[in-house]
1. Does segment 59-69 include one or more residues that are crowded, with 24+ Cβ neighbours inside 10 Å, more than 12 Å from the chain's Cα centre (by Cα) and more than 24 Å from residue 158 (Cβ to Cβ)?
2. Select, from 180, 215, the only residue that is on the phi < 0 side of the Ramachandran plot, buried (at least 18 other Cβ atoms within 10 Å of the Cβ) and assigned to a strand (DSSP E or B).
3. Going by what's in this entry, would residue 187 be described as in contact with a helix residue (DSSP H, G or I) (Cβ under 9 Å, 6 or more places away or on another chain), surrounded by fewer than 21 Cβ atoms within 10 Å (Cβ to Cβ) and in contact (Cβ under 8 Å) with a residue 60 or more places away in the chain?
4. Quick test of your reading of the structure: residue 93 fulfils all but one of (1) in the same structural domain as residue 28 (by TED's automatic domain parsing); (2) closer than 19 Å to residue 200 by Cα. Name the failing condition by number.
5. Restrict the check to segment 27-35 and report whether at least one residue is more than 15 Å from the chain's Cα centre (by Cα), closer than 27 Å to residue 236 by Cα and in a loop (DSSP other than H, G, I, E, B).
6. Residue 131 - would you say it is within 27 Å of residue 231 (Cβ to Cβ), in contact with a strand residue (DSSP E or B) (Cβ under 7 Å, 6 or more places away or on another chain) and either at pLDDT below 95 or surrounded by fewer than 23 Cβ atoms within 10 Å (Cβ to Cβ) (or both)?
7. For segment 249-272, give me the residue count where each residue is assigned to a loop (DSSP other than H, G, I, E, B) and either surrounded by fewer than 17 Cβ atoms within 10 Å (Cβ to Cβ) or not assigned by TED's automatic domain parsing to the domain that holds residue 66 (or both).
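The values are calculated or read from the model by the stated rules, or taken from the named source; none is laboratory data. Everything numeric in this text was worked out from a predicted model, so none of it was measured. Note: ideal-geometry Cβ built from the backbone for every residue, glycine included; neighbour counts use all protein chains shown.
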């Protein structure tokens, strides 16, 4: 018994919103790409910032939260779901796809395009520890790495920095440099950003590596896949006005999300606090007498 309710919904209509979910603010990089490619789609973005970062959580917790937020978005009328979190995709996408009654798009590190791009045949990967140890990531390497050597580095502390809206402090730069310099020393010419938070660090990475690294960010590929999915299921919204403002939701204080959305997407939007309980978070709550 999974502990999650079975969901049954009517067939979604084309004017319904697309749900985009991340453990925190990183999925805003995906939202940016989706808005650019699909400007008529209504969007609901959920940041589970109360429980971020997922990269330091156990697998059961990640599956539990992903299911709960997916179910919540179905309850809000979402017609499709983008799991804009590499860690959540790696650990839970198969179960979530099986359980939810709407089409899903997941994200995964760009191993295949990186292997195609690299001339030196050495590629760096920055991702969370959970993503790097997942069977899904290992399968990507087995299928697409070919003759490339992949240098995999867990980006401890990077998600937390982005969640604080820190993309350029001296401490952040020193941390990034400690991750990237060994890749450059090994003659890497390509870097895979294996977490949706990391595109916010693009400028900082450029300051360290200059033009020595081609950066592979899969946000545009995710938007393309969503575009195909909506067409396949006849769910494209042809009626809404372009650039309809997304609905932003957070399980924690939404101020960092508001600041980052203003910086990245060039608009200032209110962030709605939402409570999305799940089996694991209920267990973690103290008894109230």
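1. Within segment 59-69, none of the residues are crowded, with 24+ Cβ neighbours inside 10 Å, more than 12 Å from the chain's Cα centre (by Cα) and more than 24 Å from residue 158 (Cβ to Cβ).
2. Result of the check over 180, 215: 215.
3. No, not satisfied.
4. (2)
5. no
6. So residue 131 does not fit the description; no.
7. Of the residues in segment 249-272, 6 are assigned to a loop (DSSP other than H, G, I, E, B) and either surrounded by fewer than 17 Cβ atoms within 10 Å (Cβ to Cβ) or not assigned by TED's automatic domain parsing to the domain that holds residue 66 (or both).
Let's see how each residue does on (1) free of Cβ contacts under 8 Å to residues at least 24 places away in the same chain; (2) buried (at least 17 other Cβ atoms within 10 Å of the Cβ):
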{"position": "144", "(1), (2)": "no, no"}
{"position": "150", "(1), (2)": "no, yes"}
{"position": "153", "(1), (2)": "no, yes"}
{"position": "158", "(1), (2)": "no, yes"}
{"position": "169", "(1), (2)": "yes, no"}
